[in-house]
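Asks: Quick one: the structure is below, questions incoming.
Read-outs: derived from the displayed coordinates by stated rules, not from any lab. Because the structure is a prediction, the values reported are computed rather than measured. In this analysis, Cβ positions are derived from the backbone assuming ideal geometry, glycine residues included, and neighbour counts consider all displayed protein chains.
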Amino acid sequence: QVQLVESGGGLVQAGGSLRLSCAASGLTFSSYAMGWFRQAPGKERDIVAAINWSGVNTYYADSVKDRFTISRDNAKNTVYLQMNSLKPEDTAVYSCAAVNRRRTRVPAREDEYDYWGQGTQVTVSS
């Protein structure tokens, strides 16, 4: 069965950095586009960043552009989210998602993804 396990969340001060990891198993990782989403209490789940199967194309939400970087290591079946210059409004549960898609276009909608991890909490203090 497909499993996605996030790690790397925690408590950090504003202006600090964290790197999230998502380890995938039970799939042919290089055939999957991967995405990061986040959800704050009482809010809808929103796209943060996504990367296509080969890693040549990426997508970023405007709110994180120039601060966050998504990358993948297909040899390790892992996708990463490097988060710099963190702000209190970045506080949320961050979830990893996957979809079997070998296309150039990067999926950016929640309903385009088939598999989800349990999420990891990121808390940014003032």
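Asks: Would you mind computing, in nm to one decimal, how far apart the modelled labels at Gln39 and Gln3 are, each placed 7 Å from Cα along Cα→Cβ?
Replies: Modelled inter-label distance: 2.2 nm.
Asks: Label Ala14 and Ser63 with points 7 Å out from Cα along Cα→Cβ: what is the distance between them in nm?
Replies: 1.6
Asks: Reported to two decimal places, what Rg/Rh ratio describes the chain when computed on Cα atoms with Rh from the Kirkwood expression?
Replies: 0.94
Asks: Find which of Ser63, Ser126, Thr28 sits farthest along the positive direction of the dipole of the chain, computed with +1 on the beta-carbon of Lys and Arg, -1 on that of Asp and Glu, about the Cα centre.
Replies: Ranked along the dipole, the leading option is Thr28.
Asks: May I pose another question? I want to verify a result. In a Gaussian network model of the chain, Cα cutoff 10 Å, which of these has the top mean-square fluctuation: Ala33, Ala14, Ala97?
Replies: Top of the fluctuation ranking is Ala14.
Asks: What is the Cα centroid distance between the range 1-28 and the range 51-107, reported in whole angstrom?
Replies: 11
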